[in-house]
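The values are calculated or read from the model by the stated rules, or taken from the named source; none is laboratory data. Bear in mind the structure is a predicted one, so any value in this text is a computation, not a measurement. No Cβ is skipped: glycine too gets one built from the backbone with ideal geometry, and neighbour counts run over all protein chains shown.
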Amino acid sequence: MTEDKNEFEYDKTSPESIYEHALKLTGKTLEEAVRLPENVVNEKNRGDLGSLVEKYFFRHQPPNTSDPDFPEAGLELKTTGLVKDSKGNYKAKERLVLTMINYQGIVKEDWETSSLLKKSRLMLILFYLFNKSQPVHRRRFVLKPLLYRISTSDLNVIKNDWQLIRKKVLEGRAHELSEGDTFYLGACRKGSGGPNESLQVQPFSSEPAKTRAFSFKQGFVNKLLTGHLEGEVSLLENSNLSLEDATLNRFSEYLDLSIQEVSKRLNYFKKNENHKGFHRDLANRILSNSNQSFVELEKAGIELKTLRVNRNGKPRESMSFPAFKFMKIINEDWEYSSFFEKLEKKFLFVIFQEGSDGVERLTKAMYWNMPYLDRMEAKRVWEKTKFQCRIDAKKLPKISDSPVAHVRPKARDGNDKELTPQGEMQLKQCFWLNASYIAKVIGSL
DNA sequence: GCATGATCATGC
DNA sequence: GCATGATCATGC
């Protein structure tokens, strides 16, 4: 913990110099890298590591404006938490919040001069290992910092996302914003929820809107991380196509081909008669020519779903989601539930339909995200489920109880059970989107 | 034909 | 071993 004067000298106008300085944090905690005042050391600081790093490691006071933290270098400093997955690999703990969305301001901006672009064009991202029980100054910067300039292809996606968010505000629909609206750039909730929820006025509607911030979605941060760790290869790197066009284009070559023809073209065949993931495997292979999902889809947190549709236009099955735990859901809030998280995502539906000749063909690939009112209906079903779990977990919402969603078993076998609040073991259950609802969504009826 | 209950196949 | 996406089986 030496405090050599020279050690803290760097050029605030030069991104490279700031980066070089940040390198000295690698492998250390803030507490190990600089001498912190007693009051900071003793605090159980759970809050803002970024501010502490700026103040004590960079000895820098960021401007209190919409400019980036280092205005002359045009560089924004970010710290973000990592956790380890089951295999011990690092992944982003959460989305990376960039800057608040100013509903009054954004409608007057255009992309090129937007405060978001000004702030996030060039970023220095410091990754630390998250540990709930440690105060932030004892969390370790386990990787080298990432000096990140948004690539052209990513920039196109982000620009489209930004414009979509702006458009909603222009339409007086800021209260309907959802993270699922967009691919890389999310409009995430910010500030308190619940009864003291923080709300904002919006310019083109009297409806109060939730306070939101621009953020890089978790999936996108993960891909930055992966790229940082091993060097990324992107299919969009030299393309101006939007993400949607790029993925849909891949499907266009296969549209109206029979399953057998698709299978033959991909040189990938059904493993056996009961190969349940076959359609999904085909879709993944169309996207990537391997069984890895298309890198941009992961970045955007897109939910790939394959649908098989009867000759009369009805999906053969309702759409299942991960199982929930009876004991957990009774204490959860809708906006923190996994069903909510899923429904906020953008979906890519890959649709196989049986023709009047009895042949199943790949007929359509489409993006979708769930409309606001339908999400409210899903919320109702979820709340009902939570309520029922508390009093009688045997009586959960059926398909006839809602046009949108229902609850049904989802288990490995008859022994795959979970404890209910009534003290009984009951077959695991999950939420489903009704087949009839999906039919409407994909316009097959 | 559909609701409901139950389970399968795969990949990690 | 288990979560996940997907499908099967039955009965009305």
Residues within segment A:386-423 that are surrounded by 18 or more Cβ atoms within 10 Å (Cβ to Cβ), in contact with a strand residue (DSSP E or B) (Cβ under 7 Å, 6 or more places away or on another chain) and of a type in the set (D, E, K, R), tallied: 1
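Among the residues that make up segment A:326-349, is at least one of them within 16 Å of DNA strand B (Cβ to nearest atom), under 14 Å from A:ALA378 (Cβ atoms) and under 25 Å from the mean Cα position of the chain (by Cα)?
The initial filter retains those residues of segment A:326-349 that are within 16 Å of DNA strand B (Cβ to nearest atom), namely A:326.
From what is left, the residues that are under 14 Å from A:ALA378 (Cβ atoms) are none.
No, the conditions are met nowhere in segment A:326-349.
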Strands (runs of 3 or more DSSP E) contained in segment A:319-368 and holding at least 1 residues farther than 28 Å from A:LYS217 by Cβ: A:347-354, A:360-368
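Just to verify a result, which residue in segment A:257-275, among those that are surrounded by 14 or more Cβ atoms within 10 Å (Cβ to Cβ) and among the polar types (S, T, N, Q), is nearest to DNA strand B (Cβ to nearest atom)? Spell out how you get there, then give the answer.
Within segment A:257-275, the subset surrounded by 14 or more Cβ atoms within 10 Å (Cβ to Cβ) is A:257-259, A:261-263, A:265-266, A:268, A:270.
With among the polar types (S, T, N, Q) added as a condition, the list becomes A:258, A:263.
Values: A:SER258: 21, A:SER263: 14 Å.
Per the criteria, the residue is A:SER263.
Would you point out which residue out of A:PRO403, A:PRO421, A:PRO397 is away from DNA strand C (no atom under 16 Å from the Cβ), assigned to a loop (DSSP other than H, G, I, E, B) and in contact (Cβ under 8 Å) with a residue 40 or more places away in the chain?
Details: A:PRO403 fails: in contact (Cβ under 8 Å) with a residue 40 or more places away in the chain; A:PRO397 fails: in contact (Cβ under 8 Å) with a residue 40 or more places away in the chain.
Only one candidate qualifies: A:PRO421.
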Test: residue in segment A:89-100 that is among the hydrophobic types (A, V, I, L, M, F, W, C), closer than 25 Å to A:PHE204 by Cα, modelled with pLDDT of 90 or more and surrounded by 18 or more Cβ atoms within 10 Å (Cβ to Cβ): yes
Some residue of segment A:233-252 being at pLDDT 65 or above, in contact with a Leu (Cβ under 9 Å, 6 or more places away or on another chain) and within 16 Å of DNA strand B (Cβ to nearest atom): no
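Just to verify a result, which residue in segment A:19-34, among those that are in a loop (DSSP other than H, G, I, E, B) and touching a helix residue (DSSP H, G or I) at 6+ places or on another chain (Cβ under 8 Å), is nearest to A:LEU129 (Cα to Cα)? Walk me through how you get there before you give the answer.
Step one: filter segment A:19-34 for residues in a loop (DSSP other than H, G, I, E, B), giving A:24-28, A:34.
Of the ones still in play, those that are also touching a helix residue (DSSP H, G or I) at 6+ places or on another chain (Cβ under 8 Å) are A:24-25, A:34.
Numbers: A:LYS24: 16, A:LEU25: 13, A:VAL34: 18 Å.
Here the answer is A:LEU25.
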Some residue of segment A:287-308 being within 10 Å of DNA strand B (Cβ to nearest atom), closer than 20 Å to A:LEU433 by Cβ and modelled with pLDDT of 90 or more: no
Residue in segment A:298-355 that is surrounded by the most Cβ atoms within 10 Å (Cβ to Cβ), counting only those that are of a type in the set (Gly, Ala, Ser) and under 28 Å from A:ASP154 (Cα atoms): A:ALA300
Which numbered condition A:ALA405 misses (of (1) among the small types (Gly, Ala, Ser); (2) at pLDDT 95 or above; (3) within 8 Å of DNA strand B (Cβ to nearest atom)): (3)
Unmet requirement for A:CYS430, which otherwise passes all of (1) crowded, with 16+ Cβ neighbours inside 10 Å; (2) away from DNA strand B (no atom under 16 Å from the Cβ); (3) of a type in the set (A, V, I, L, M, F, W, C): (2)
Long-range neighbours under 7 Å by Cβ, at least six apart or interchain, first residue under 17 Å from A:CYS389 (Cβ atoms) and without any contact (Cβ under 8 Å) to a residue 24 or more places away in the chain within segment A:406-418, second hydrophobic (A, V, I, L, M, F, W, C) and near DNA strand B (Cβ under 6 Å from one of its atoms): A:PRO409/A:LEU427; A:LYS417/A:LEU427
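Got at least one residue in segment A:408-418 being assigned to a strand (DSSP E or B), within 16 Å of DNA strand C (Cβ to nearest atom), more than 23 Å from A:ARG308 (Cβ to Cβ) and of a type outside the set (Ser, Thr, Tyr)? Working first, answer last.
Within segment A:408-418, the first condition is being assigned to a strand (DSSP E or B), and the residues that meet it are A:408-409, A:417-418.
Pick out the ones that are also within 16 Å of DNA strand C (Cβ to nearest atom) and you get A:408-409, A:417-418.
Then keep just the ones that are more than 23 Å from A:ARG308 (Cβ to Cβ); that gives A:417-418.
Still in the list and also of a type outside the set (Ser, Thr, Tyr): A:417-418.
Yes; the residues of segment A:408-418 include at least one that is assigned to a strand (DSSP E or B), within 16 Å of DNA strand C (Cβ to nearest atom), more than 23 Å from A:ARG308 (Cβ to Cβ) and of a type outside the set (Ser, Thr, Tyr).
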Qualifying positions in segment A:101-114 - buried (at least 19 other Cβ atoms within 10 Å of the Cβ) and free of Cβ contacts under 8 Å to residues at least 60 places away in the same chain: A:SER114
